[in-house]
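These notes are about the structure you will find just below.
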Amino acid sequence: MRKGTDKDWEERSGCMTFPDAVAKALKAKGQDPAKWLQDSRKMSIDQMRKAAADMGCDVFFDWNSARSVEGYFRIKGSTEFCIERAIAFAPYADCIWMETGKPILAQATQFAKEVRAAVPHQMLAYNLSPSFNWDSAGMTDAQMESFIWDLAKLGFCWQFITLAGFHCDALSIDLFAKEYSKHGAAAYVQMIQRKERENKVETLTHQKWSGSEIVDEMGNIVSGGLSSTGIMSAGVTEKQF
Ligand SMILES: O=CC(=O)O
């Protein structure tokens, strides 16, 4: 580990999971490990140990020596692995989320079908992440458009976009700043204020959204109703709208 990266260490050390270590021992005995690899997915560590010993593959294995520098146990992640974890956690979870690397409907379908075959009423979650490069995910625009409804039919009842607001803010500020540098206050009126009015966006009159009412209320409480600095009092600019 000291001479390379953590990832590099896995390769250099020949690090493997317990199922893979047993599969290697089975192969060395000329046996096909496919059934073991399938069955072990549903087993606890104690159950795996016993099943391996029953097959004559009581391999030496130390879960602790391969822990990461932060102390995490290593796993070999896969959709199948997540399905088993989801089923195991189902009795303790309202909603279960498998984080994915790309928005792939086939993968979500496999996850949902297998989890819900075992736990029919399990609610599922999905991250429609802005970290995906959606345009390189192999989806057509029509598939992107129906994606959330396709997921909903599979039982993904809590779908979220982690950072949609962050990206909206960044894009709109970027576009506005460029126009403001050329057109000044006209850019604000044309790009923002008129659009807020046309679209009936409540922040057109923003005082109540920025906490003015509660600040006024507090000022009036401490001054016995005599506060002279009420933001929403006479002359408030909101009356111009
Ligand atoms: O961090 C969150 C995300 O990338 O979705």
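Between 216, 58, 94, find the one with the highest GNM mean-square fluctuation for the chain; connect C-alpha pairs within less than 10 Å.
216
I need 60, 160 ordered by Cβ neighbour count within 10 Å, fewest first.
Exposure proxy ranking, most exposed first: 60, 160.
Run the numbers on the chain and let me know its relative contact order in percent, using alpha-carbon pairs under 8 Å that are six or more apart. Walk me through the numbers on the way to the answer.
Details: 172 pairs, mean separation 25.7, N = 241.
Relative contact order comes out at 11 percent.
Give 102/200; 50/76; 178/239; 27/102; 7/29 a once-over and call out the pairs whose C-alpha atoms are over 32 Å from each other.
As for pairs spanning more than 32 Å Cα to Cα, those are 102/200; 27/102.
Rank 172, 212, 131 by mean-square fluctuation in a GNM of the chain with C-alpha springs under 10 angstrom and give only the top-ranked residue.
Per the Cα network of the chain with a 10 Å cutoff, 212 tops the list.
Calculated from DSSP H runs of 4 or more alone, at -39500 (n - 2.57) each and per residue, what is the 222 nm mean residue ellipticity of the chain, nearest 500? Before the final figure, lay out each step's value.
Working: 11 runs with 114 residues, N = 241.
Computed ellipticity for the chain at 222 nm equals -14000 deg cm²/dmol.
Does segment 92-241 classify as rounded, prolate or oblate by the C-alpha gyration tensor (a ≥ b ≥ c root eigenvalues; a/c under 1.5 gives rounded; else a/b over b/c gives prolate, otherwise oblate)? Let's see the in-between values first.
Working: a/c = 3.73, a/b = 1.79, b/c = 2.08.
It is oblate, given that a/c is not under 1.5 and a/b is not larger than b/c.
Choose one of 185, 199, 120: the residue whose Cα lies farthest towards the positive end of the charge dipole of the chain (beta-carbon charges +1 Lys, Arg; -1 Asp, Glu; about the Cα centre).
Of 185, 199, 120, it is 120.
Once the Cα gyration tensor of segment 54-140 is diagonalised, what are the square roots of 5 times its eigenvalues, in whole Å and ordered largest first, as equivalent ellipsoid semi-axes?
On the way: eigenvalues 164, 76, 38 Å².
With the √(5λ) rule applied to segment 54-140, the semi-axes are 29, 19, 14 Å.
Between residue 236 and residue 209, what is the FRET efficiency for a Förster distance of 22 Å, r being their Cβ-Cβ separation, to the nearest 0.05? Working shown, then result.
Working: r = 14 Å, r/R0 = 0.62.
E between residue 236 and residue 209, to the nearest 0.05, is 0.95.
Taking the 0 to 90 degree range and rounding to the nearest ten, how far is the long axis of helix 18-28 tilted relative to the main principal axis of the chain, both from C-alpha atoms?
That works out to roughly 30 degrees.
Just to verify a number: FRET efficiency for residue 16 and residue 148, C-beta to C-beta distance, R0 = 41 Å, to 0.05? Don't skip to the end; give the middle numbers.
Numbers: r = 39 Å, r/R0 = 0.94.
The calculated FRET efficiency here is 0.60.
Any read-out appearing in this document is the output of simple, stated calculations on the displayed coordinates, not a laboratory observation. Values in this document were obtained by computation on a predicted structure and should not be read as measured data. For neighbour counting, all protein chains shown are included, and Cβ atoms are generated from backbone atoms with ideal geometry for every residue, glycine included.
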